[in-house]
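Colleague: Before anything else, here's the structure in question.
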Amino acid sequence: MTVIAIGADHAGYFMKEDLKAWLIGQGHQVLDFGTQSLESVDYPDFASLVSDAVTSRAATRGVLICGTGMGMAMAANKFGGVRAAVCLDQHMARMSREHNDANVLALGARLTEGPRAREILGAWLDTPFAGGRHVRRVEKLMALEHGHAPAR
Ligand code: RB5
């Protein structure tokens with residue numbers, strides 16, 4: 001079982017509800033950080049809540065949904081320790097895990113149909129980080145949070 005933090009703005013509300021039910025059905029624990037209606041809200045607020053849950057380790061992974069996934073990913077990637085990836089298909093989802101060790105998945109509810117979103121999320125959750133040469137690259141990626149990459 002994985003603890004998954006999930007959040008959405010108004011554009012992603014219905015997809016969040018659908019994915020939350022699907023995740024629970026798959027045996028995961030879900031921390032739902034909202035939004036809880038179709039009322040217009042601001043995506044950085046929900047990206048912040050989910051990112052905090054991931055970086056504090058209250059959740060193992062995060063899922064964020066807005067219209068395109070892009071605003072959510074941009075906001076989440078401002079948080080130290082977050083590697084958020086917008087994924088439009090299962091291949092992107094697998095690569096974001098295998099190569100980038102993504103810990104937050106960003107989905108676009110206006111770009112991706114519900115059943116496809118479940119497939120993307122399933123692939124993302126099932127794919128481990130490949131390690132090997134990717135460890136060095138992810139370390140360099142994370143070092144950019146401190147303004148430089150290690151020379152090697
Ligand atoms: C809301 O209209 C929309 O801007 C938002 O959901 C998201 O797509 C931003 O990146």
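What follows is calculated from the coordinates using simple rules that are stated; it is not laboratory data. All values reported here derive from a predicted model rather than from experimental measurement. Here the Cβ is made from the backbone with ideal geometry for all residues, glycine too, and neighbour counts use every protein chain on show.
Colleague: Near residue 142, within a Cβ-to-Cβ distance under 13 Å, what is the net charge of the other residues, with Lys and Arg +1 and Asp and Glu -1?
Modeller: Working: positive: 83, 136, 137, 140; negative: 101, 139, 145.
Taking every other residue near residue 142 into account, the sum is +1.
Colleague: Show me the ranking of peptides 124-134, 36-46, 80-90, 101-111 by mean Cβ neighbours inside 10 Å, starting with the highest. Write down the numbers at each step before the final one.
Modeller: Numbers: 124-134: 13.6, 36-46: 15.2, 80-90: 18.6, 101-111: 23.2.
The densest-packed peptide leads the list: 101-111, 80-90, 36-46, 124-134.
Colleague: Next up: Can you list the residues, at least 5 places off or on another chain, whose amide H is less than 5 Å from the amide H of residue 106, using H built in the peptide plane?
Modeller: 64, 85, 86, 87
Colleague: With each run of n ≥ 4 DSSP H residues scored as -39500 (n - 2.57), what mean residue ellipticity at 222 nm is computed for the chain after dividing by its residue count and rounding to the nearest 500 deg cm²/dmol? Don't skip to the end; give the middle numbers.
Modeller: Working: 6 runs with 66 residues, N = 152.
Counting only the DSSP helices, I get -13000 deg cm²/dmol.
Colleague: Can you find, among 88, 131, 102, the residue sitting farthest towards the positive end of the charge dipole of the chain, where Lys and Arg contribute +1 and Asp and Glu -1 at Cβ?
Modeller: 131
Colleague: Oh, and also: Mind listing the phi-derived Karplus ³J(HN,Hα) values for segment 2-7, rounded to whole Hz, using 6.51, -1.76 and 1.60 with θ = phi - 60°, and x for any glycine or proline?
Modeller: For segment 2-7, the Karplus curve yields 10, 8, 10, 8, 10, x Hz.
Colleague: Given charges of +1 on the Cβ of Lys and Arg and -1 on the Cβ of Asp and Glu, with all other atoms neutral, how large is the dipole of segment 7-111 about its Cα centre, in debye to the nearest 20? Can you show the working numbers first?
Modeller: Details: 9 positive and 11 negative charges, 67 e Å.
Value, rounded to 20: 320 debye.
Colleague: May I pose another question? Each residue of segment 14-25 in order: what ³J(HN,Hα) in whole Hz does its phi give by Karplus 6.51 cos²θ - 1.76 cosθ + 1.60, θ = phi - 60°, with x for Gly and Pro?
Modeller: Rounded to whole hertz, the list is 5, 5, 4, 4, 5, 5, 4, 4, 5, 4, 4, x.
Colleague: Related question: Please report the relative contact order for segment 8-152, taking Cα pairs under 8 Å with a sequence separation of at least 6, and give it as a percent rounded to a whole number. Please list the in-between numbers first.
Modeller: Numbers: 236 pairs, mean separation 31.1, N = 145.
After rounding, I find 21 percent.
Colleague: When only C-alpha pairs under 8 Å and at least 6 residues apart count, what is the relative contact order of segment 26-99, in percent? Walk me through the numbers before you get to the answer.
Modeller: Details: 57 pairs, mean separation 17.4, N = 74.
It rounds to 24 percent for segment 26-99.
Colleague: Equivalent ellipsoid semi-axes for the chain, as square roots of 5 times the alpha carbon gyration tensor eigenvalues: give them largest first, rounded to whole Å. Don't skip to the answer; put the middle values down first.
Modeller: Numbers: eigenvalues 120, 57, 37 Å².
Semi-axis lengths for the chain are 25, 17, 14 Å.
Colleague: Collect residues whose amide H, placed 1.01 Å from N in the peptide plane, falls under 5 Å from the amide H of residue 30; neighbours closer than 5 in sequence don't count.
Modeller: For residue 30, the qualifying residues are 4.
Colleague: Suppose each label sits 7 Å from its Cα in the direction of the beta carbon; what would the residue 74-residue 60 distance come out to in nanometres?
Modeller: 3.2
Colleague: Rounded to the nearest 0.05, what FRET efficiency do residue 139 and residue 37 have when you use their Cβ-Cβ distance and R0 = 35 Å?
Modeller: My answer for the efficiency is 0.30.
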